[in-house]
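To keep things clear, I will list the structure first and then write my remarks on it.
Laboratory data are not the source of any read-out in this text; all were calculated from the coordinates shown. Computed from a prediction, not measured in an experiment: that's the story for all the values here. Backbone-built Cβ (ideal geometry, glycine too); neighbour counts: all protein chains shown.
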Amino acid sequence: MKELLSGNEAIARGAFESGVTVAAAYPGTPSTEILENFARYPGIYAEWAPNEKVAMEVGIGASMAGARTLVAMKHVGVNVAADPLLTFAYTGVNGGFVLVSADDPGMHSSQNEQDNRHYARFAKIPLLEPCDSQEARDMVGLALEISEQFDTPVMLRTTTRVAHSQSFVETGEPRKGTVRGYVKNAKKYLMVPAFARLRRAALEVRLAGLREYSEKSPLNFIEWRDKSVGVITSGISYQYVREALPDVSVLKLGMTNPLPEGLIRQFAASVSRLFVIEELEPFIEEQVKAMGLAVSGKELIPNTGELDAGIISGKFIEAGLKPAVQNTVVKPDLQDAPVVPGRPPVLCPGCPHRGIFYILKRLKLNVTGDIGCYTLSGLPPLEAMDCCICMGASIGAAHGMGKADPALAGRTVAVIGDSTFLHSGITGLLNMVYNKGAGTVIILDNSTTAMTGHQQHPGTGLSLMGETAPAVDLEALVRALGVKRVRVVDPLDLTETQKAVQEETEAGEPSVIIARRPCVLLTKVAEPAIMVQSEKCIGCKACIRLGCPAISMKGKTARVDPLACTGCGLCPQVCVEAALVKGGKTGA
Amino acid sequence: MLKPVNILMVGVGGQGTILASRILALAAQEAGYDLKVSEIHGMAQRGGSVVTQVRLGEKVYSPLIPTGGVDVLLAFEKLEGLRLLPSLKPGGTIIINEQEIPPVPVLTGAAEYPQNILEFIRSVTPNTVSIDAYSIAKECGNPKAANVVLLGVMARNLPIERGIWEKALGQRVPAKLLEVNKAAFAAGYDYK
């Protein structure tokens, strides 16, 4: 049946059809929808793990037990999961294992744009790169076959434009899966030095076999056209090449580790000029150069950001390799266009995070931040976050600042969401207690993983498959880590929140404030909207500084959009003239 | 159709661009075209710009429209239409909703919402259709159907028969909202 599917939906479909029975992940753009879709199929098990390392380890266990297994994460998630991955490459699998790494060139929703193809080479495992949804679906099945044939985990690497683009997929029927049984085998799975040395040697033997496989695999194929220019490409770049350079010969690599050296040499020998066109790093290019072949790549094609057909076309025209297009229609002059104000994403009207950041800014504290919706508080007008590095980094960073300069200890708070705290904040807090730090950690507990679209986590009381689950008791957890000063505040109560932040930062010992209120998008409670009593408004713009998209200035008077307002009650608390009052009709 | 038709749908989170692109995708599929749809989400719920790229033709390779290669720019909001105007191909068509949704820099007074957007766009783009889709949708029974009004205006510019559009609408819109949306689509399709 032909269906229009996103790359992520296609991967889920491919996993179901290929007999995957266990899947684990931590949400992260652009990978999240893989597990969300997979979890809806019958006869499978899927879970959100608290972080990518745990997801990987769950997957390793499932594979050892004999199940076909899929683990998915965004590119930076693989950093978290790298420790088990690199040794799992030694042990190999029992049931087929595929790791989906969803990379984000252009950083649409990420803190960096690392090219995870390097991980496959680093771990010495096979790497497949689909170019559309059909290949995404097909390659899951192939990855599992390769995994079982060669006793290795396999990486399937997508990018945002594969993961989030929809194209037609010919789907099939699910295979009747038989789970291979578990067989104890310490020499294979117990990686103490004596056994690991054996597996290290086996890894090289396996790689030799994979090199042969790569030469003959239908994943790697040549499309002969004009032989004056030959282009080696992979993944989404293949689509851009086909569009920008429709007449050139193409070596399309679906399997990019190990590379098919013989096939590449054969292709190179048959074309006058050889190019590698790939997004981000010169991963293929450097290896082709190491083969001693004359090839051009990154001197022409940028290694930052996303590619598209226009960039490739433009660079080939510049280099005189493609005739310039003669435009008969004159491009309109846009120089006199009105100035376009930006439309940055913002915290939603009624977002409980807003209260915390308003207070942190008012108190002029140093704020080490973390990954989530709340990172948006670093932008105007709140501008209340100093740094953001990676999941969980806020707590260690706050502790380190305090150790570097004790005067900073009482002036610095770490801010971290509930899902992020459970992902990798717990050990940072444990460290702060153990090493006698004096920082304050604010856990923004909105009871969900909001940024990626409201996924469950160990604190929400529900599982990915919709079952009730034990919910972690955050207060008890942080107390168990040794934090003596623990308090819970409602972040929409500014007086209480300010008092808590002042007292805890001055305490001189580790403290935790749990700012608890569910994400406003989850609670559809209709509070009355805020009304402006225009005669009282003096136009001081105190409410505007909250950065709420429901509030604007109409002339010299504040205006509240009743359709957007959720009646959270924050703006009346900052209005010194009491011009803002509850009681309007909400549109929510 | 040798070259794909490139459609760029731009708006603000909550305006229904996703539903409009789903109806378009189904209609294109029914009409027998190859199709690619690319959307960047994640920020949609947070008041940011929302951009969906749709390409249809005999065979479509790239899911991304080449820079400056948009044939039809469907702007659900005026400012977003202006923002993406440079992506329009010379001779391309812009269909623009007259609705204004001020972004946060405007709300805070850090920037101004430009006053003469439509005049400027008309002065540089001969094929400009501007429409008050919000009011028309309201007359049809629900202002939220503004997205389908706009889809209707675009539909008559695409090589897909009206009957196919109406069928796709029926399959993608919940039954209780179908009558309103049918009226909204017709109002857009027959808009002068």
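Greater than 22 Å separation of Cα atoms is the criterion. Which listed pairs, A:Lys322/B:Lys3; A:Lys554/B:Lys78; A:Lys403/A:Lys484; A:Lys176/A:Lys216; A:Lys524/A:Lys582, meet it?
A:Lys176/A:Lys216
From other protein chains only, count the Cβ atoms within 10 Å of every residue's Cβ in B:96-107, then give the mean. List each step's numbers first, then the result.
Working: counts 0, 0, 0, 0, 0, 4, 5, 7, 16, 7, 5, 12.
Across the residues of B:96-107, the mean count of other-chain Cβ atoms within 10 Å is 5.
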Under 17 Å from the Cα of A:Lys331, which aspartates and glutamates turn up, not counting those fewer than eight places away in the same chain?
B:Asp71
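Roughly how crowded by other chains is peptide B:65-73, in terms of the mean Cβ count from those chains within 10 Å of each of its Cβ atoms? Can you show the working numbers first?
On the way: counts 3, 10, 6, 2, 5, 0, 0, 0, 0.
Per residue, the average neighbour count from other chains is 3.
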As I understand it, the dipole of segment A:529-584 uses +1 on the Cβ of Lys and Arg and -1 on the Cβ of Asp and Glu, about the Cα centre. Which of A:Gly547, A:Met531, A:Thr566 lies farthest toward its positive end?
A:Gly547
Give me the distance in nm between label points sitting 7 Å out from Cα along the Cα-to-Cβ direction at B:Glu100 and B:Glu139, one decimal.
2.2
If packing is taken as the average count of other Cβ atoms within 10 Å, what order do A:12-21, A:247-256 fall into, highest mean first?
A:12-21, A:247-256
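So, R0 is 41 Å and r is the distance between the beta-carbons of A:Cys390 and A:Glu3; what FRET efficiency does that work out to, to 0.05? Before the final figure, lay out each step's value.
Working: r = 36 Å, r/R0 = 0.89.
So the FRET efficiency works out to roughly 0.70.
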Using Cα positions and a limit of under 12 Å, work out the aspartates and glutamates in reach of A:Lys2, with same-chain residues fewer than 8 apart set aside.
A:Glu170, B:Glu30, B:Asp34
So between A:Lys227 and A:Ala186, what do we pick up on full extension, going 0.36 nm a residue minus the alpha carbon distance?
9.5 nm
Given charges of +1 on the Cβ of Lys and Arg and -1 on the Cβ of Asp and Glu, with all other atoms neutral, how large is the dipole of segment A:220-318 about its Cα centre, in debye to the nearest 20?
380
A:Lys74: which lysines have alpha carbons under 17 Å from its alpha carbon, excluding same-chain residues fewer than 8 sequence positions away?
A:Lys53
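Please compute the average number of Cβ atoms from other chains found within 10 Å of each residue's Cβ in peptide A:343-352. It would help to have the intermediate numbers written out before the result.
Details: counts 17, 8, 10, 8, 3, 4, 1, 0, 1, 0.
Mean inter-chain Cβ contacts per residue within 10 Å come to 5.
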Per the helix-only calculation at 222 nm, which mean residue ellipticity applies to chain A, given -39500 (n - 2.57) for every DSSP H run of n ≥ 4 and division by its residues, nearest 500 deg cm²/dmol?
-10500 deg cm²/dmol
Measuring from centroid to centroid over Cα atoms, what is the spacing of segment A:1-58 and segment B:14-90 in Å?
27
Under 5 Å between amide hydrogens, which residues at least 5 positions from A:Val100 or on another chain qualify, with H placed 1.01 Å from N in the peptide plane?
A:Val71, A:Ala72, A:Met73, A:Leu156
Could you point to the residue in A:Val71, A:Phe38, A:Cys387 farthest towards the positive end of chain A's charge dipole, with +1 and -1 charges on the Cβ of Lys/Arg and Asp/Glu respectively?
A:Cys387
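Peptides A:113-120, B:69-76: what's the order by average Cβ count within 10 Å, highest mean first? Mind showing how you got there, number by number?
Details: A:113-120: 21.8, B:69-76: 24.4.
The peptides rank, most packed first, as B:69-76, A:113-120.
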What number does the protein assembly as shown give for Rg over Rh if you use C-alpha atoms and the Kirkwood radius?
0.98
Positive-end extreme of charge dipole, segment B:38-157 - chosen from B:Leu74, B:Gly91, B:Val60 (charges on Cβ):
B:Val60
In whole percent, the Cα-Cα distances of segment A:353-516 spread across 10 Å bins from 0 upward as 11, 44, 36, 9, 1
Using only the alpha-carbon atoms of segment A:220-318, report the extent along each of the three principal axes, biggest first, to the nearest angstrom.
31, 26, 22
For segment A:529-584, evaluate the Debye formula with one uniform point scatterer on each Cα (no solvent term) and list log10 I(q)/I(0) at q = 0.14 Å⁻¹, rounded to two decimals.
-0.27
For a label point 7 angstrom out from the Cα of A:Arg559 toward its Cβ, which stretches of segment A:349-368 have the backbone nitrogen within less than 20 Å?
A:349-350
